[in-house]
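Peer 1: The structure under discussion is supplied below as structure tokens; questions concerning it will follow.
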Amino acid sequence: MTDLVATNETILVVGGGISGMTAAIEAAECGKDVVLIEKTPALGGRVSQLYKYFPKLCHPVCGLEINLRRLKAQKRLRVLTMAQVTNISGNAGDYSVSIKVSPRYVNENCTACGACAEAVSSEIDDPFQYNMSRTKAVYLPFNMAYPQRYVIDGSIIGTAEADQAKTACQYNAVDLDMSEETLELKAGAVIWATGWKPYDANKIQPYGYDRYANVITSVEFERMMDPYGPTAGKLLRPSDNKEAKNIAFIQCAGSRDRNHLTHCSRICCMASLKQSTYISEQYGDDDDAKSTIYYIDIRAIDRFEDFYKKVQDDPKTHFVKSKVANITEDEKTGDVILHGVDTEGYNRYDNSHDLCVLAVGMTPNANIKEVAADTHTDVSGFIEADEANGAIFGAGCASNALDVNRSVQHATAASLRAIQVVNRVASAEA
Amino acid sequence: MTATNTAVVAKYQNNFLQEVEANVEEGDWVKMCMQCGVCAGSCPLGDAWDHSPQEIFMMIRAGKREEVLTSDSMWMCTSCYNCIVRCPRELPITHIMHGLANYAHRLGIAHKKNPTRRFAKIFWDNVTKNGRANELTLSIRLYFMDGIVSGIKIGLQMVGMGLGMLKTGRLDPMALVMHKGIKDTKGLHAMLKKAYEIEGKRKGYAS
Ligand SMILES: Cc1cc2nc3c(=O)[nH]c(=O)nc-3n(C[C@H](O)[C@H](O)[C@H](O)COP(=O)(O)OP(=O)(O)OC[C@H]3O[C@@H](n4cnc5c(N)ncnc54)[C@H](O)[C@@H]3O)c2cc1C
Ligand code: SF4
Ligand code: SF4
């Protein structure tokens, strides 16, 4: 790790989601030196946690695989996982970056055979499943994780279990003496692609996410529908593990709301439309199964209108033009009751559903100002394209609420900007 | 039709939204409503009224002047503030509702029989008479609002409470004949008259 050499001609990409991977790969494919750093133990970001993705409804593993192949082919691209930037100083073409690398306790010898995990029994909440299920304290983050290397959670370090994991490994890959490292790197340009996180649903008091078991978020729903998710692809509601069939989706949960996020999160309309197709797919001809989407207005931008039209034609999917006022719970059945008034006719409703999915908004995952105080961001904390930011460029959801397609386009643009900066450095030094 | 009403109708022609923006307290917020429906669903009075705030705001934009100003909705508002707390656009809904009530009253369009309007008027007259509320005469006027018979009936129902209040000194029986107001009642009346004039001038009401 310490042999990592970076110069003013290096492009540093922070965040290894689809945007960061794209920016890094494209710069490397153009012959630039790139360092890609990722906070978690694996690349992929939130796309790897989706069951399918719109508009084609294919599985994200496929796009991930293509990108990983491109990435592995690039000798000029170096990846650091479990790493975070702590400070950026300097100017365009000449940045000094401090990076903190957390110990994984497993080195490059790992073949991902899994013997270490079998040797331990302690469990931790599984962040890949949004903590809805647990995983061993020695784990592979997810099936397609890159690097394919196990992680030992810090909670068992110093216990007998850690030693058991070490003994179980035939490849000498477990290194319990690893400790936190700090690195100082040079970089000519920085691409900030730290992505998004779901808005904290507990803050939307009238919807009772903190009180009612059967109110969940869209990201949790996405995991539940995945065969590799916490319920193995079955829609089992949290209160009683019964199959949920009558599903409500609440749009703009936390978005377009001056009490929460002022911006439109832009993807959540499409996400709920997509998720309604999961219900239709899962339950086929079952007449009891239906999705009801409560919305202010559906924002299926440009060509996504087709997708919206298709979902409108699905007899299993219903639309109610209304922002739900509040939710209560039927204590006997655990059903959730949505209260409100619809805008098409001003009819009062108190609708009972098995499960309610909050289409939560997107908010920036990392605050760039903590490491580069002068960077310009908008009111929501997204990085703006501003000359004052020098050669620090936002990419993907760090810059705005974007779908994968737009994130990737945006990342490519950021990559080009960064390439121009290091090209200038190179010609000045020549 | 009061003269004031005729004058504003002439001034704003068919643009009721503009009229509301200019004359109703917090009226310039109305255009910010995005018709999400949260206020309508959050009002504890629910279906006890003609129109929800959401509907009122849409009607204002649609120019439904008569229906809005004669609606009972703004008189039903209990100032619970549930709608203000939840409105994603932070409209001061409660205040707009009271502003509308006040405006409809000022124009002389509000229903004369609306109980909330009548209570508000009784209270206003009572408190402005000498600058202090006279609880005894206020209650009596309120009880007899709908005539002698119903007044006696309500009075009899409330006897227990009245006696209790007398005993604990919460009600002064002498207030019937002598109620101590503020020192300068005349000054207060002059101030209120002036304020009324200034408002009329600012908003261009015919006096
Ligand atoms: C419910 C839901 C469903 C969706 N479905 C679809 C869909 O079907 N189709 C579609 O096109 N889009 C969909 N999206 C949008 C999609 O998730 C985003 O477009 C995509 O995740 C953006 O990728 P990104 O790389 O910009 O951000 P992310 O995926 O968030 O990746 C950011 C990466 O940066 C890392 N990171 C964060 N902070 C730091 C730090 N300080 N240092 C280092 N690394 C850091 C993170 O660990 C992560 O790996 C959906 C979104 C939601 C909410
Ligand atoms: S995309 Fe749809 S659900 Fe999301 S904030 Fe915008 S309007 Fe609301
Ligand atoms: S809650 Fe606010 S934005 Fe929504 S309908 Fe009511 S006033 Fe309009």
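Peer 1: Mind checking which residues of segment B:19-38 are part of a helix (DSSP H, G or I), out of contact with any Leu (no Cβ under 8 Å at 6 or more places or on another chain) and within 11 Å of another protein chain (Cβ to nearest Cβ)?
Peer 2: B:VAL38
Peer 1: Ok, one more. For B:ALA120, which of the numbered conditions (1) assigned by TED's automatic domain parsing to the domain that holds B:ASP146; (2) at pLDDT 95 or above fails to hold?
Peer 2: (2) is the only condition that B:ALA120 fails.
Peer 1: Right, another one. Surrounded by 14 or more Cβ atoms within 10 Å (Cβ to Cβ), of a type outside the set (D, E, K, R), away from ligand 3 (no atom under 16 Å from the Cβ) and not in a strand (DSSP E or B): does that describe A:TYR308? Outline the logic, then answer.
Peer 2: Numbers: surrounded by 14 or more Cβ atoms within 10 Å (Cβ to Cβ): yes; of a type outside the set (D, E, K, R): yes; away from ligand 3 (no atom under 16 Å from the Cβ): yes; not in a strand (DSSP E or B): yes.
Yes.
Peer 1: For segment A:139-175: of the residues being over 29 Å from the mean Cα position of the chain (by Cα) and of a type in the set (Val, Ile, Thr), which is nearest to A:CYS116 (Cα to Cα)?
Peer 2: Looking at the filtered set, the residue picked out is A:THR167.
Peer 1: Also, I was wondering about something else. Where residues in segment B:32-54 are at positive phi and within 16 Å of ligand 2 (Cβ to nearest atom), which of them is surrounded by the fewest Cβ atoms within 10 Å (Cβ to Cβ)? If you could, list the steps in order and put the result at the bottom.
Peer 2: Applying the first criterion (at positive phi) to segment B:32-54 yields B:35, B:37, B:46.
With within 16 Å of ligand 2 (Cβ to nearest atom) added as a condition, the list becomes B:35, B:37.
On the way: B:GLN35: 16, B:GLY37: 26.
Step by step, filter segment B:32-54, then rank; the result is B:GLN35.
Peer 1: Now for a different question. Going through segment B:47-73 one residue at a time, which ones are more than 30 Å from A:SER255 (Cβ to Cβ) and away from chain A (no Cβ under 12 Å)?
Peer 2: Answer for segment B:47-73, where residues must be more than 30 Å from A:SER255 (Cβ to Cβ) and away from chain A (no Cβ under 12 Å): B:GLY63, B:LYS64, B:ARG65, B:GLU66, B:GLU67, B:VAL68, B:LEU69, B:THR70, B:SER71, B:ASP72.
Peer 1: Residue pairs, Cβ under 7 Å, 6 or more apart or interchain, first in segment B:38-62 and outside the structural domain of B:ASN82 (by TED's automatic domain parsing), second within 16 Å of ligand 1 (Cβ to nearest atom). List them.
Peer 2: none
Peer 1: Can you confirm whether segment A:122-135 contains a residue that is surrounded by 21 or more Cβ atoms within 10 Å (Cβ to Cβ) and touching a helix residue (DSSP H, G or I) at 6+ places or on another chain (Cβ under 6 Å)?
Peer 2: No; the residues of segment A:122-135 include none that is surrounded by 21 or more Cβ atoms within 10 Å (Cβ to Cβ) and touching a helix residue (DSSP H, G or I) at 6+ places or on another chain (Cβ under 6 Å).
Peer 1: All but one of (1) more than 14 Å from chain A (Cβ to nearest Cβ); (2) more than 23 Å from A:ASP257 (Cα to Cα); (3) of a type in the set (S, T, N, Q) hold for B:THR94; state the number of the condition that does not hold.
Peer 2: That leaves (2) as the condition not met.
Peer 1: Where in segment A:1-93 are there strands (runs of 3 or more DSSP E), lying fully within it, with 3 or more residues that are crowded, with 23+ Cβ neighbours inside 10 Å, within 22 Å of the chain's Cα centre (by Cα) and not basic (Lys, Arg)? Even if it seems obvious, please write down each step before you answer.
Peer 2: Details: elements: A:10-14, A:33-37, A:77-80, A:83-91.
Strands (runs of 3 or more DSSP E) meeting the threshold: A:10-14, A:33-37.
Peer 1: Got a number for residues in segment A:188-206 being away from ligand 1 (no atom under 14 Å from the Cβ) and touching a Gly at 6+ places or on another chain (Cβ under 9 Å)?
Peer 2: Summing the residues that are away from ligand 1 (no atom under 14 Å from the Cβ) and touching a Gly at 6+ places or on another chain (Cβ under 9 Å) in segment A:188-206 gives 4.
Peer 1: Quick one: in segment A:317-328, which of the residues that are in contact (Cβ under 8 Å) with a residue 40 or more places away in the chain and crowded, with 19+ Cβ neighbours inside 10 Å is farthest from the other protein chains (Cβ to nearest Cβ)? So that I can check it myself, show each step before the final result.
Peer 2: As a first pass, look at segment A:317-328 and keep what is in contact (Cβ under 8 Å) with a residue 40 or more places away in the chain: A:317, A:323-328.
Still in the running and crowded, with 19+ Cβ neighbours inside 10 Å: A:317, A:323-325, A:327.
Details: A:THR317: 20, A:LYS323: 4, A:VAL324: 7, A:ALA325: 3, A:ILE327: 11 Å.
Across segment A:317-328, the extreme among qualifying residues is A:THR317.
Peer 1: Suppose we keep only residues that are within 14 Å of another protein chain (Cβ to nearest Cβ) and buried (at least 18 other Cβ atoms within 10 Å of the Cβ) within segment A:274-301. Which one would you say is nearest to ligand 2 (Cβ to nearest atom)? Outline the logic, then answer.
Peer 2: We begin by selecting, within segment A:274-301, every residue within 14 Å of another protein chain (Cβ to nearest Cβ); these are A:294-299.
Among the residues that remain, those that are also buried (at least 18 other Cβ atoms within 10 Å of the Cβ) are: A:294-296, A:298-299.
Working: A:TYR294: 10, A:TYR295: 7, A:ILE296: 6, A:ILE298: 7, A:ARG299: 4 Å.
Restricting to residues being within 14 Å of another protein chain (Cβ to nearest Cβ) and buried (at least 18 other Cβ atoms within 10 Å of the Cβ), the top hit is A:ARG299.
Peer 1: Now for a different question. Quick test of your reading of the structure: A:SER407 fulfils all but one of (1) buried (at least 20 other Cβ atoms within 10 Å of the Cβ); (2) touching a strand residue (DSSP E or B) at 6+ places or on another chain (Cβ under 8 Å); (3) not in a loop (DSSP other than H, G, I, E, B). Name the failing condition by number.
Peer 2: Every listed condition holds for A:SER407 apart from (2).
Peer 1: While we're here: Could you check segment A:207-235 and list, in sequence order, the residues that are hydrophobic (A, V, I, L, M, F, W, C) and surrounded by fewer than 16 Cβ atoms within 10 Å (Cβ to Cβ)? Let's see the steps before the verdict.
Peer 2: Narrowing segment A:207-235 to residues hydrophobic (A, V, I, L, M, F, W, C): A:213, A:215-216, A:219, A:221, A:224-225, A:232, A:235.
Selection gives A:ALA213, A:ALA232.
Peer 1: Quickly run through segment A:238-259 and pick out the residues that are touching a Gly at 6+ places or on another chain (Cβ under 7 Å) and either of a type in the set (S, T, N, Q) or away from ligand 3 (no atom under 16 Å from the Cβ) (or both).
Peer 2: Answer for segment A:238-259, where residues must be touching a Gly at 6+ places or on another chain (Cβ under 7 Å) and either of a type in the set (S, T, N, Q) or away from ligand 3 (no atom under 16 Å from the Cβ) (or both): A:SER239, A:ASP240, A:SER255.
Peer 1: Here are some residues: A:THR217, A:THR262. Which one is out of contact with any Gly (no Cβ under 9 Å at 6 or more places or on another chain), within 16 Å of ligand 3 (Cβ to nearest atom) and not assigned by TED's automatic domain parsing to the domain that holds A:ASP126? I'd like the intermediate steps shown before the answer.
Peer 2: Values: A:THR217 fails: within 16 Å of ligand 3 (Cβ to nearest atom).
So the residue among A:THR217, A:THR262 that is out of contact with any Gly (no Cβ under 9 Å at 6 or more places or on another chain), within 16 Å of ligand 3 (Cβ to nearest atom) and not assigned by TED's automatic domain parsing to the domain that holds A:ASP126 is A:THR262.
Peer 1: Does at least one position in segment A:152-168 carry a residue that is assigned by TED's automatic domain parsing to the domain that holds A:SER48 and in contact with a Lys or Arg (Cβ under 8 Å, 6 or more places away or on another chain)?
Peer 2: Step one: filter segment A:152-168 for residues assigned by TED's automatic domain parsing to the domain that holds A:SER48, giving A:152-168.
Narrowing the set further to residues that are in contact with a Lys or Arg (Cβ under 8 Å, 6 or more places away or on another chain) leaves A:152.
Within segment A:152-168, one or more residues are assigned by TED's automatic domain parsing to the domain that holds A:SER48 and in contact with a Lys or Arg (Cβ under 8 Å, 6 or more places away or on another chain).
Peer 1: Within segment A:342-381, count every residue that is away from ligand 1 (no atom under 16 Å from the Cβ), within 14 Å of chain B (Cβ to nearest Cβ) and either part of a helix (DSSP H, G or I) or under 23 Å from A:SER218 (Cβ atoms) (or both).
Peer 2: Total meeting the criteria: 4.
Peer 1: Check off (1) modelled with pLDDT of 95 or more; (2) outside the structural domain of A:CYS62 (by TED's automatic domain parsing) for A:GLY345 and give me the number that stays unchecked.
Peer 2: A:GLY345 satisfies every listed condition except (1).
The values are calculated or read from the model by the stated rules, or taken from the named source; none is laboratory data. No experiment lies behind these values; they were computed from the predicted model shown. Every residue, glycine among them, receives a Cβ derived from its backbone with ideal geometry; neighbour counts consider all protein chains shown.
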